[in-house]
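What follows is a short report on a single structure.
Since every read-out is calculated from the coordinates, none of them should be taken as a lab result. Please read all numbers here as calculations on a predicted model, not as lab measurements. All Cβ positions, glycine included, derive from the backbone under ideal geometry; neighbour counts span all protein chains shown.
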Amino acid sequence: MPRDPRYDLLFEPVRIGPVVAKNRFYQVPHCNGMGYARPHGHAAMRGVKAEGGWAVVSTEEVDIHPSSDISPYIEGRLWDDHDIPALALVTEAIHRHGALAAIELVHAGMNASNLYSREVSLAPDHVPSAAGYAPSQARAMTRSDIRAFRRWHREAALRARRAGFNIIYVYAGHGLSLPMHFLQSRHNHRTDEYGGSLANRMRLLRELIEDTKDAVGLNCAVAVRFAVDEMRGADGIEAQLEGREVIERLAELPDLWDVNVSDWSNDSKTSRFAPEGYQEEFVRFVKTVTTKPVVGVGRFTSPDTMVSQIRRGVLDFIGAARPSIADPFLPKKIENGEVDDIRECIGCNICVTGDYTMTPIRCTQNPTMGEEWRKGWHPEAIPPRRGDDSFLIVGAGPSGLECARLLGRRGYSVHVAEAGEQLGGRVTVESRLPGLAAWARVRDYRLNQINKLPNVEIFRGSHVTPDQVLEFGATRIVLATGARWRRDGVGRYNTRPIPGFEQCQRVFSPDDLLNGAAPSGRVVVFDDDHFYLGALLAEKLRADGLEVCLVTPAERASAWTVNTLEQYAIQKRLLKIGVRVFTNRNVAQFDGAGATLECTYTERRETLAADSLVTVTARLPNTELAEGLDLGAEALAAAGIRSIQSIGDCLAPSTIAAAVYAGHRYAREFDWPDTDEVPFQRELPASIAGRSHSG
Ligand code: ADP
Ligand code: SF4
């Protein structure tokens, strides 16, 4: 289909210093948990972005020196020439599809804990290390340290050029690098020419830009990533004060401004906390003070919003990390008039958890993300049907729908039976909670794709029994029947039922609430799940006007959401709306009049008056159908069934991302031989790969 002429603007080439981007789609730097440790995986992932039409594809932060070692996190490294080949893999993959390759050079300063290199960390001043609560300090840089740092940065720029990069970044974003630490008056108390006035505090940033231009500026563009606002008021850089002044003073020095807000949790806000385009109010001034092209982000997935950003003079490039993760082919789909095929990011930040857990990136919407090399998965291409199998999928949640979409794309005949009248399973139910509306995109994308496939049929209101499965006549049965929340309190902390829970009518599970039950009076939400749901239900009940306490055995509310960058915002919101938060407390008992809380350290008990209790602890997979079909190979063969497989939450409850992944994986791998082999390619250390061990 030809593209909509309204979007022509997005496909204009734009000059960036000595290079030209073929369109306005710019994949800004983003981490991915592969970095220096898994270079083939990293290169293949960036290559797919380039193939999907992004004019510029950037690396994540790439540390330039052993004193900038942010272990245990896995980012890029460019410490010396040995790191060039791994990065050259990345530039080759990007260039193969006609995109420009950008590298974000970083010295993390006091954010580098240097746990691997054991170097001393560097900072404008003597300050405690910013990496967690590590009992170590960074030391104040002397003038000769600054000279050395400038030399390392220059050498890194030259190496980056040798690795094939076209755009080289000087990084002053997110509060994560030395030039930014020098800029921040709260971190820079120097009395020399690098401290004091703004002109002094920005001296290092200016010098780095000049050094980089001098070193590689003839054939590489020099970009600056700068956080114009730190969202911490007068204690930090503010867009209308020093943020603006920095850009005014350096306006024409770099070839491109990549601007955002800081810290990372503010830059990558989830959809629960910010809508598409949320950074506009902070960055819109930038184009008024520079003639250089400007890239900015805001979880852009709508081409109309993108066009509006350009037309209104807010941005020159549509920057994207998450939208390019959820759909690496977003530009191509707009270009080809396939806008309704875009797999829109839902803003859940599961992608960020890869970085935080030091594992390859994953995405709720795009199950192929991070699997491009190790499994050879492509977000758009899939091998066609082999053989005559036909499928019955039971359950139309995220797992069942993804499985149906992909099997249907392969050309198989697929029937989906869903007990309820609505499709989407947990995603449909949870997307009605405050702030989660965008999560319904997980369902909508898949239904939209399935509706285009004549070989996939969905039956609603069809609660399926084992006998019906046997009679159905499909050769492959996929069970995607989901899970339900426990009501007995068993979870991580309590391995046995909590006294009173099962007997008491005033104990509610999340399923009860999501299906319309309404607790009353004073409510205790007991969260031993630690992800988003407990705090979100507390927020909802509070919004309904109830008195709410959140009790958790963890040391903070929604503890696991540190990995999605949301923990601080969640706890702040709870406290602001008047939810009392009890941490390091277990609920030892509940009787409809009060909850007995127990300190997780001292076992000291106290009673909290409460009329209702919501228990968010663990889930039980819905295995009834699987158990009813556990009839042995002969009985199944007699019914013409070759295999029965449970996927997603009905196998083991997990994230929505894991459920989508399971559905996707089944559709690709259902007919693989049953072996004990590792089910993906691994990147083994070069010094050891190929050696055999004979015991
Ligand atoms: P997942 O995240 O693994 O996809 P969900 O809980 O979101 O799981 O979705 C499971 C879906 O399966 C729900 O929509 C549920 O109504 C449906 N389901 C469960 N049991 C049956 C059954 N026996 N027959 C048909 N549909 C079922
Ligand atoms: Fe978007 Fe979530 Fe995918 Fe990240 S994991 S790209 S936030 S859908």
Shape parameters for the stretch 1-71, alpha-carbon atoms, Rg then Dmax in Å
15.7, 52
What percent of all Cα-Cα pairs in the stretch 378-498 falls into each 5 Å bin, going from 0 up to the bin containing the maximum distance?
2, 11, 18, 19, 17, 13, 9, 6, 4, 1, 0
Summing +1 for each Lys or Arg and -1 for each Asp or Glu, what net charge is found among the other residues whose Cβ lies under 9 Å from the Cβ of ILE70?
-4
Under 5 Å, built H, 5+ apart or other chain: amide partners of ILE237
GLU230
In whole Hz, what ³J(HN,Hα) sequence does the stretch 431-437 give by Karplus (6.51, -1.76, 1.60; θ = phi - 60°), x for Gly and Pro?
5, 7, 6, x, x, 9, 4
Hydrodynamic radius of the stretch 524-577 per Kirkwood, over alpha carbon pairs, in Å
10.9
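What is the dipole size for the stretch 292-438, taken about its Cα centre, with +1 at each Lys and Arg Cβ and -1 at each Asp and Glu Cβ, in debye to the nearest 20?
Dipole size: approximately 320 debye.
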Can you list which of the trypsin sites (Lys or Arg not before Pro) found in the stretch 561-658 are DSSP loop residues with at most 16 other C-beta atoms within 10 Å?
ARG604, ARG642
Add -39500 (n - 2.57) for each DSSP H run of 4 or more in the chain, then divide by its residues: what number comes out at 222 nm, to the nearest 500 deg cm²/dmol?
-8000 deg cm²/dmol
Dipole axis of the chain (+1 Lys, Arg; -1 Asp, Glu on Cβ), positive-most option in ALA686, LEU613, ALA138
ALA138
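List the chymotrypsin sites (Phe, Trp or Tyr not before Pro) in the stretch 571-612 that DSSP assigns to loop (not H, G, I, E or B) and whose Cβ has at most 13 other Cβ atoms within 10 Å. Which are they?
For chymotrypsin sites (Phe, Trp or Tyr not before Pro) across the stretch 571-612 that sit outside H, G, I, E and B with at most 13 neighbouring Cβ atoms in 10 Å, the list reads TYR601.
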Looking only at the stretch 345-366, which residues have a backbone nitrogen under 18 Å from a spot 7 Å from the Cα of ASP304 in the C-beta direction?
345
Work out how much length HIS463 to VAL120 would gain on full extension: take 0.36 nm times their residue separation and subtract the Cα-Cα distance, in nm to one decimal.
117.2 nm
The stretch 405-448: C-alpha gyration tensor shape, a/c 1.5 cut-off, then a/b vs b/c
oblate
Testing the spin-label approximation: label points 7 Å from Cα along Cα→Cβ at SER520 and LEU9. State their distance in nm.
5.5
What does the chain give for Rg and for Dmax, in Å, if only its C-alpha atoms count?
26.8, 85
Considering only THR191, GLN571, ALA43, whose Cα is most displaced toward the positive end of the charge dipole of the chain, charges sitting on Cβ of Lys, Arg (+1) and Asp, Glu (-1)?
THR191
Could you list which residues have their amide H under 5 Å from that of LEU115, counting only those 5 or more apart in sequence or on another chain, with H placed in the peptide plane?
SER71
With unit charges on the beta carbon (Lys/Arg positive, Asp/Glu negative), name the residue among VAL314, PRO466, SER643 whose Cα is farthest towards the positive pole of the charge dipole of the chain.
VAL314
If neighbour count is taken as other Cβ atoms inside 10 Å, put SER197, SER185, SER687 in order from fewest to most.
SER687, SER197, SER185
Kirkwood Rh, the stretch 582-695, all Cα pairs: how many Å?
20.0
P(r) histogram, all alpha-carbon pairs of the stretch 50-205 included - 5 Å bins from 0, percent
2, 10, 18, 20, 18, 14, 9, 6, 3, 0
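For the stretch 46-137, which trypsin sites (Lys or Arg not before Pro) are both in a DSSP coil and crowded by at most 16 other Cβ atoms within 10 Å?
Those satisfying the criteria are ARG96, ARG118.
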Per-selection metrics, the stretch 234-370 (Cα): Rg and Dmax in Å:
15.9, 47
Got the relative contact order for the chain handy, in percent, Cα pairs under 8 Å and 6 or more residues apart?
11
Relative to the longest principal axis of the C-alpha atoms of the chain, give the angle of the C-alpha long axis of helix 441-450, reported between 0 and 90° and rounded to the nearest 10°.
70
For helix 143-162, what angle does its Cα long axis make with the longest principal axis of the chain, in degrees from 0 to 90 and rounded to 10?
70
Please report, to one decimal in angstroms, the Kirkwood hydrodynamic radius of the stretch 419-488 built from all distinct Cα-Cα pairs.
14.4
Jot down the per residue volume, in cubic angstrom and as a whole number, of the convex hull over the alpha-carbon atoms of the stretch 635-689.
138
Going through LYS287/LYS332; LYS540/LYS572; LYS213/LYS292; LYS269/LYS375; LYS375/LYS452; LYS333/LYS452 one by one, the pairs whose alpha carbons sit over 18 Å apart turn out to be LYS287/LYS332; LYS269/LYS375; LYS375/LYS452
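If r is the Cβ-Cβ distance from ARG143 to THR600 and R0 is 51 Å, what FRET efficiency results, to the nearest 0.05?
0.50
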About the Cα centre, and with charges only on the beta carbon of Lys, Arg (+1) and Asp, Glu (-1), how big is the dipole of the stretch 386-523? Nearest 20 debye, please.
580
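By average Cβ neighbour count within 10 Å, what is the ranking of 389-401, 506-518 from highest down?
389-401, 506-518
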Tally Lys/Arg at +1 and Asp/Glu at -1 over every other residue whose Cβ is under 9 Å from the Cβ of LEU9; what's the total?
+1
Pull up all non-local amide H partners of VAL170: gap of 5 or more, or a different chain, and H-to-H distance under 5 Å with H placed in the peptide plane.
ALA223, VAL224, ARG225
Charges at C-beta only: +1 for Lys and Arg, -1 for Asp and Glu. How large is the resulting dipole of the chain about its Cα centre, in Debye rounded to 20?
1020
Spatial separation of Cα centroids for the stretch 613-687 and the stretch 55-82, in angstrom:
36
At a temperature of 4 °C and a viscosity of 1.567 mPa s, determine how fast the stretch 149-226 diffuses translationally according to Stokes-Einstein, using the Kirkwood radius over alpha-carbon pairs as Rh; express D in µm²/s, rounded to the nearest whole number.
101
Can you tell me the orientation of helix 84-95 relative to the chain, as the angle in degrees between its alpha-carbon axis and the longest Cα principal axis, to the nearest 10?
70
